[in-house]
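Since the structure comes first, as structure tokens, the remarks are kept for the end.
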Amino acid sequence: MKILFVVLLLLLPVGVWAQSSVRYFGYYFNDANGSFTENHDHINLYNIQQMILGPGGTADTAATTKYMLGELAKAKAQGVRATISAAPFVFHWNNSTHLWSAEPNATANWTTLVNQLVASGYIVPGRPELSTVVAIYVVDEPNGTGLADTMAPGLPGTNIGINPDFANAVSIIRSNPVTSGIPLAAIITPKYNQLLDGQIFLAGMTLLDWVGVDWYGETQSDWMSDYNRLKSNLSPKQRTIIVPQAALGGDLGSSNYDDPNFFNNIFNTDPKVVWFTPFVWFSGSGRTGTRDIPVLKAAYTQIGTTIRTAACAATPAERGFCLGAAKKTAIISNLLLQ
């Protein structure tokens, strides 16, 4: 009886207490090149981003779902929450243009995915403290990939409303009772507020709960100025994502990476920040990532560990989840064998 009581105590927290307003650290595009296996010990949010392409370069939703479920299993086993990408399910991908557009089967695709997430236990309806999925990443850089705000015909630079394809996709996610209350996130391009560049997204971002902008290569003063401007366009309930450049080379250039301590200070002093997501951990495509820059790796490992430790101590529910399914199973098995 004593052993059974201990086992129940181990299981109880994640099912009884409501989840607090936890804040997160985890690298963007962290499912590439085996990144999660290398850094899961110092993150508390796993960004699952990849899609599997099928014939014609469009998304293979069945294969992408299978892949996603496998990555969510890894996250849950290590006690790390996750974001999932909605884009391959609610938008149509054109691999030749790298643009998203309306997906005729979006509602069916999303319903099928959500049903499998629920059946696998990665979303527990109405119980965020039990769910591995903590946010839905709608689409990356929507305003630069075909989903910018609509413009008035014959009046260049006149913003008139939310892109209907983007609005419809968000509506499908919100209309599903399982995902209606899960935060929606996206990182947008720096041109989101520039009318004449065709990437304005002032209307579109009102549909998001978490918003970030990838201002790579800016001075710290310029970054802060742009960040304050972003916040002025958000509602009090919306949260921010901060995205430091954490790699060199390739499309990021070779000038320098962003100072992690600068961004850590923003995280520690601005409660509006919900997700601190350096880009990027892995190396490849001519780019050297955090994993191969010793000073940066040491800094982010320390920062991430501090954030994860604080988040995991926030509530009994969070402590229970952070323990990880794999560790809890091992502990319970050992106790039952005693």
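The values are calculated or read from the model by the stated rules, or taken from the named source; none is laboratory data. None of the values given here were measured: they were computed from a predicted structure. All Cβ positions, glycine included, derive from the backbone under ideal geometry; neighbour counts span all protein chains shown.
Listing for the model above:
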read-out: Val14 vs. criteria among the β-branched types (Val, Ile, Thr), at pLDDT below 95 and in contact with a Gly (Cβ under 6 Å, 6 or more places away or on another chain); value: yes
read-out: Those residues of the range 39-52 which are surrounded by 15 or more Cβ atoms within 10 Å (Cβ to Cβ) and over 14 Å from the mean Cα position of the chain (by Cα), in sequence order; value: Asn39, His40, His42, Met51, Ile52
read-out: Candidate set: the range 263-291, residues that are within 18 Å of the chain's Cα centre (by Cα) and of a type in the set (A, V, I, L, M); chosen: the one nearest to Asp251 (Cα to Cα); value: Val280
read-out: Strands (runs of 3 or more DSSP E) contained entirely in the range 186-281, each with at least 1 residues that are among the β-branched types (Val, Ile, Thr), touching a His at 6+ places or on another chain (Cβ under 8 Å) and touching a residue at least 12 places away in the same chain (Cβ under 8 Å); value: none
read-out: So Ala317, is it under 28 Å from Pro236 (Cα atoms), at pLDDT below 95 and either part of a helix (DSSP H, G or I) or among the aliphatic types (A, V, I, L, M) (or both); value: yes
read-out: Qualifying residue in the range 47-60 (condition: in a helix (DSSP H, G or I), in contact with a helix residue (DSSP H, G or I) (Cβ under 6 Å, 6 or more places away or on another chain) and in contact (Cβ under 8 Å) with a residue 24 or more places away in the chain); value: no
read-out: Count of the range 291-301 residues which are assigned to a helix (DSSP H, G or I) and in contact (Cβ under 8 Å) with a residue 40 or more places away in the chain; value: 4
read-out: Given (1) hydroxyl-bearing (Ser, Thr, Tyr); (2) outside any strand (DSSP E or B); (3) touching a residue at least 12 places away in the same chain (Cβ under 8 Å), index of the condition Thr288 fails; value: (2)
read-out: Answer residue from the range 181-235, given it is touching a helix residue (DSSP H, G or I) at 6+ places or on another chain (Cβ under 6 Å) and of a type in the set (D, E, K, R) and is nearest to Glu129 (Cα to Cα) among those; value: Lys191
read-out: Residue within the range 226-240 that is under 17 Å from Phe25 (Cβ atoms) and in contact with a strand residue (DSSP E or B) (Cβ under 6 Å, 6 or more places away or on another chain) present; value: yes
